[in-house]
Amino acid sequence: MKSMHYSSLLYSVYMIAICFFSFPAFSVCSATQHAHTFDAGNPLSHPEKGIFSLMPDQTLEKEYGWQIAPHSVFERRDLAKTRAPWLRDGVTGKSLAFYAPFSRGKWWVSIFYEAGMQDSCTISFSLNGKSLQPEMTSFSPPAEGRRSIQDIYRVLQAPVSITDKGLQIRMVGKQDSVRLLGLRVYPHPVVKTAQHREIMKKLKHAGKYTRVKSLDSLMTGLKPLLAELLQLERKHPQDPFFSYWHEQVSLLLKAEHYIKLMGWEWATKETGLSIFDRYHGAAMILDGVLMNKDPEYFPLYERAIWQRGRVLYWLDRERGSGREIRRAIKDLNWLAQRYPSEPLLAMYTGKKIETRSACIDIDRSQQVPEWARVQREALCRLSEILYWWVNERQAENGEFGGKLGDDVELLRAFPPLVLSGDPWAQKGWKKLADAVWNSEKVYKGFSAEPIDVEHASEFISDTAPELVLFSDDSLYIERLYASAAHFDTLWTGINDAGLRYFKSSWFGSTSIRTDPPRNRDVEMNTRAAKAVRYLAWKTGDPKVIDLLHQWSRAWLSAALRTDKGKPKGIFPASIRFDDGVFNGDEPTWHIANMYWTYYDWRHGAGTSLLDQLWFTYTLTNDRELLQPLYLCLEQIQDHLERGLSLDPRDHTPGSKAWAFATLANKAKFWQVVERWRFSMDDDRYDALILDMGTPYAKFRLTGNESELVNGLQKVLTNVRYNHPLLTDQVLHTDRVYPDGESADLGTAHLKAMLTGNGIYANASPYEAVTWEDTHPDFTALVRDASKEGLHVELYSFADSEQTLTMRVWQLDKGDYKMHITNPQKRSKSVTVQQTGQRIQIDLKPQTLTSIKFVP
């Protein structure tokens, strides 16, 4: 950093240069009626002309300057990619006051200042003694706290009436210091000439909401207008009209540029800003643009309020804290009132608009099974969404544009398409999986950085495991071994009690973080183990199976303990590695207090650990691993028999009643129960399953096909409507929810019908069957599946016969009779020689086909 102290001679030379070379017709003393820019910070840090210096020693003896001076200067040279030179340095102070002898009249003041360490603006402002109450967006703070000053800045714009006393600007920091970058002061821009009127006409045209409804249309019309205004500003330097509108268009263009960059990895490298910095920065700039509250006079108002409303809507979808959505609703409702017949605004403000689709043109004759008709629409509409992402948005390098860590989450709703043989779904999945594997985010087969497991695991767990279900390339099996190696030698260890736990929930491929509270095993570590489960299932590697078995038994021991009042059978939120203490030094068993609230027990309620133990049982036949599942079923049944409320809000958090009421409301719990019930053929909890279980489980128990149709409504309720909010309007790719906001797992039901596996997001591989070479008009229903037999029904809405391939995964090796009825019955012998064996099926058009495998 250059010194803050300059000799008086150097200062005099600098001021002479400014006055006579930068603005020949202007001096600070004359305060003429044109725009003025003041750069707070080091005057030698940039070569720009026409900018006045605001060093810490700029006192009123030099005509303009500080009444309350800053205590230091700073430079942000690393932000040269996103900031003009005069915004790359600044001054800091707890309180600042600036004065300049501007002439009488109405002026506009723009204040540029860094966001600092705060997610809400806590600085107070006043102009000429009048306090300002600017509307500044507040953002959700980062879960793990902020460790460095933000790389973005806020903009405040306000009118001020100046008398003979000149202009005074006062800024007082509260929770944070003021980090002032610079000031701009403009005479109020008055329309006087024909050229002014022509510019206003162009501004009104560009400023309409209807010009920029889609992401692709962002920045439309602004770039040529900005270039024209810049030429006019240079041609007429004394005319404040052109300077003022050049600044407004420039600000709006920068905000739209940030939004349009979305989360593309190249954009992060290009700007040096993260996706959140760009979205926050856009909203902060738009706050300033929208401080001119007269939409009739300010022609860019509609466009700016649309952009702010949209970016804040998606930020709230991403976080769900409620901070951003309040302003988003206000902005979007304002627009919706101006455009009451605009469908997109209706969607954003909570209305459901059905999407026009060829998916509804499906045979509704009585010969078509209702489950097939409804499934066909669900698959068709789901494929419309996925096709858009694969064909319209996915880049050559595999990205979807929301940053890789979020792009991978978009895949969670699409296993029904991938596993039913949709070639576009498989192509898009492979393309993204390969992009992730080869990206800088991944090193040695896992996250390169030791970050929290939810974010560290998603790169691999959301992309790599399912590949072994639809690709025979051995490369994809080899990739799974990387996670197994890390699981063995880095992530887990044997603690003081001789039990294998994860040493941390913050880890990568080369290191882990064990500083408290990160030094604990948590339920979400099952996500990191997903690739290990798939590897154990696919290869039967005894060492890998043994590692999973040791870990499962460690969590079994925790489930059977009752420390800190934890009910028996329930898993604690976290376990400190060294000594096995529930939640470390925290007082309860259920609140982890580990920065992210999703580590608290109520988030997953141990359902992923129940799946881990059940999966391990399928490989080891260790029946002790089933004890937590049995205890939970017993307690929920007892809960109902005693007439206790199943609403967790009716019970004290941490209590036995609260725990089992919470668990009973988790869809994934009943998915695990479903896997247990149809693998063990144990009917003692059938009444409970019929009361609370999954729609697919209820169908399997009763044969009632209306349960299938009802389960599919959870998908259709969302994929039928508001298609843009699932495709081209999306700013965060991990918030594409075909299942709805509640993630009610409707696509898991769809997948259960097609494959027999109803576990959400394919957490573990329980498929009875998958499909290849299918036609878009294909539907399937797994009516029964076990190691000894398989019964599926198929229906094709196509006009001609098709040959497809079924892959059988659960059947034991051996000889079977395959009975085919469509409606004639015929049989043939089939020998199953390997897991995932392919069997060709000739499927007649528009005819229900039944296929049964019998030993």
message: Just to check, using Stokes-Einstein with a Kirkwood Rh over alpha carbon pairs, what's the diffusion coefficient of segment 211-333 at 10 °C and 1.306 mPa s in µm²/s?
response: 104
From phi via Karplus (6.51, -1.76, 1.60), per-residue ³J(HN,Hα) for segment 654-659 in Hz, x at Gly/Pro: x, 6, 4, 4, 5, 4
task: Just read off the accessible area of Phe571 with the full protein assembly in place, 1.4 Å probe, to the nearest 10 Å².
output: 10
- line: Over segment 749-855, the quotient of the Cα radius of gyration and 2.2 N^0.38 Å is 1.02
- prompt: So how tilted is helix 607-620 from the main axis of the chain? Cα-based, degrees 0 to 90, rounded to 10.
  reply: 40
query: Out of Leu345, Ala395, Ile362, whose Cα points farthest toward the positive end of the dipole of segment 335-421 (charges: +1 Lys, Arg; -1 Asp, Glu; placed on Cβ)?
result: Leu345
query: Which residues' amide hydrogens lie under 5 Å from the amide hydrogen of Ser72, considering only partners 5 or more residues apart or on another chain, with H built in the peptide plane?
result: Thr92
message: Give me, ordered by chain and number, the residues 5 or more places off Thr355 or on other chains with an amide H under 5 Å from its own placed amide H.
response: Tyr721, Asn722, His723
message: Given bins 10 angstrom wide, list per bin the percent of all Cα-Cα distances in segment 587-702, short to long.
response: 13, 43, 34, 10, 0
task: May I ask you to list the lysines whose Cα is less than 21 Å away from that of Lys656, ignoring any residue fewer than eight positions away on the same chain?
output: Lys564, Lys566, Lys568, Lys666, Lys668
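Report the antiparallel proportion of the DSSP beta bridges in the chain as a percent, rounded to a multiple of 5. Provide the component values of the computation, followed by the final result.
Values: 93 of 98 bridges.
Antiparallel: roughly 95 percent of the beta bridges in the chain.
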field: Degrees, to the nearest 10: 627-641 long Cα axis against longest axis of the chain
entry: 90
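Sorted by packing (mean other beta-carbon atoms within 10 Å per residue), highest first, where do 483-493, 555-565, 326-336 land? All intermediate terms of the calculation are to be shown ahead of the outcome.
Details: 483-493: 20.6, 555-565: 17.2, 326-336: 18.9.
Ranking the peptides 483-493, 555-565, 326-336 by packing returns 483-493, 326-336, 555-565.
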field: Environment charge at Thr821 (Cβ cut-off 12 Å; Lys +1, Arg +1, Asp -1, Glu -1)
entry: +3
field: Percent of Cα pairs exceeding the 27 Å cut-off, where the set is segment 410-538
entry: 20
task: Quickly estimate the mean residue ellipticity at 222 nm for the chain, helices only: each DSSP H run with n ≥ 4 gives -39500 (n - 2.57), and the total goes over all residues, rounded to 500.
output: -11500 deg cm²/dmol
Principal axis dimensions, largest first and in whole angstrom, of segment 534-614 by Cα: 42, 22, 22
query: Tell me, what HN-Hα J-couplings in whole Hz come from the Karplus equation 6.51 cos²θ - 1.76 cosθ + 1.60 at θ = phi - 60° for each residue of segment 824-837, using x for Gly and Pro?
result: 5, 9, 9, 9, 8, 7, 9, 10, 8, 10, 7, 5, x, 4
query: Once the Cα atoms of segment 793-839 are picked out, what are the Rg and Dmax in Å?
result: 12.5, 36
field: segment 46-139: radius of gyration over Cα atoms, expressed as a fraction of 2.2 N^0.38 Å
entry: 1.19
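Got a sec? What order do Asp647, Asp361 fall in by accessible area at 1.4 Å, biggest, i.e. largest, first? Don't jump to the answer; show the numbers that get you there.
Values: Asp647 45, Asp361 120 Å².
Ranking Asp647, Asp361 by accessible area, largest first, yields Asp361, Asp647.
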Inter-part distance where segment 810-849 and segment 329-393 are each reduced to a Cα centre, Å: 36
query: For segment 292-406, what is the largest minus smallest coordinate of the Cα atoms on each principal axis, given in angstrom and ordered from greatest to least?
result: 63, 38, 28
- request: Give the angle, between 0 and 90 degrees and rounded to the nearest 10, that separates the Cα long axis of helix 222-235 from the longest principal axis of the Cα atoms of the chain.
  value: 10
- request: Give me the orientation-averaged projected area of the Cα convex hull of segment 398-450, in nm², one decimal.
  value: 3.8
Cα-centred dipole magnitude for segment 185-266, charges only on beta-carbon of K, R (+1) and D, E (-1), debye, nearest 20: 340
query: How much of Thr652 can a 1.4 Å solvent probe reach, expressed as accessible area in Å² and rounded to 10?
result: 90
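From the convex hull of the Cα coordinates of segment 337-480, what is the mean projected area in square nanometres? Let's see the in-between values first.
Values: hull surface 49.4 nm².
Averaging across all directions leaves 12.4 nm² for the Cα convex hull.
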- prompt: What is the dipole size for segment 95-231, taken about its Cα centre, with +1 at each Lys and Arg Cβ and -1 at each Asp and Glu Cβ, in debye to the nearest 20?
  reply: 600
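How much space per residue, in cubic angstrom, does the convex hull of the C-alpha atoms of segment 132-197 take up? Write out the running numbers ahead of the final one.
Details: hull volume 11.2 nm³, N = 66.
In segment 132-197, the Cα convex hull volume per residue is 170 Å³.
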- request: Give, as a single signed number, the net charge of other residues whose beta carbon lies under 12 Å from the beta carbon of Phe276, with Lys and Arg counted +1 and Asp and Glu -1.
  value: -2
- prompt: For segment 147-287: lysine pairs with Cα atoms under 16 Å, gap of 8 or more or different chains, count?
  reply: 11
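Give the whole-number value, in cubic angstrom per residue, of the convex hull volume spanned by the C-alpha atoms of segment 93-225.
Values: hull volume 20.1 nm³, N = 133.
Convex hull of Cα atoms, per residue: 151 Å³.
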message: Give the separation of the Cα centroids, segment 240-261 to segment 208-228, in Å.
response: 11
message: Taking the full set of protein chains and a 1.4 angstrom probe, give the accessible area of Ile689 in square angstrom, rounded to the nearest 10.
response: 10
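Looking at the chain from every direction and averaging, what is the projected area of its Cα convex hull in nm²? It would help to have the intermediate numbers written out before the result.
Working: hull surface 158.3 nm².
Average projection, Cα convex hull of the chain: 39.6 nm².
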query: How far is it, in nm, from the label point at Ile360 to the one at Ser161 when both lie 7 Å from their Cα along the line to the Cβ?
result: 5.8
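Could you compute the net charge surrounding Gly116? Neighbours are other residues with a C-beta less than 14 Å from the C-beta of Gly116; K and R count +1, D and E count -1.
Details: positive: Arg76, Lys94, Arg146, Arg147, Arg154, Lys174, Arg179; negative: Glu114, Asp119, Asp151, Asp176, Asp277.
Taking every Cβ under 14 Å from that of Gly116, the sum is +2.
Return a single number: how many Lys pairs in segment 730-833, at a sequence separation of 8 or more or on separate chains, have alpha-carbon atoms below 15 angstrom apart. Intermediate results must be reported in sequence, preceding the final value.
Details: Lys787/Lys813; Lys787/Lys817; Lys817/Lys825; Lys817/Lys828.
Going through segment 730-833 pair by pair, I get 4.
In nm, what is the difference between 0.36 nm times the number of residues separating Ser124 and Val830 and their Cα-Cα distance?
Values: separation 706, 0.36 × 706 = 254.16 nm, distance 7.90 nm.
So the chain would gain 246.3 nm between Ser124 and Val830.
The values are calculated or read from the model by the stated rules, or taken from the named source; none is laboratory data. The structure presented is a predicted model; accordingly, all values stated were derived computationally and were not measured. All Cβ positions, even for glycine, are placed from backbone atoms using ideal geometry, and neighbour counts span all protein chains on display. In case anyone asks, the SASA skips ligands and DNA or RNA and just uses the protein heavy atoms, side chains included. Shrake-Rupley method; radii C 1.70, N 1.55, O 1.52, S 1.80 Å.
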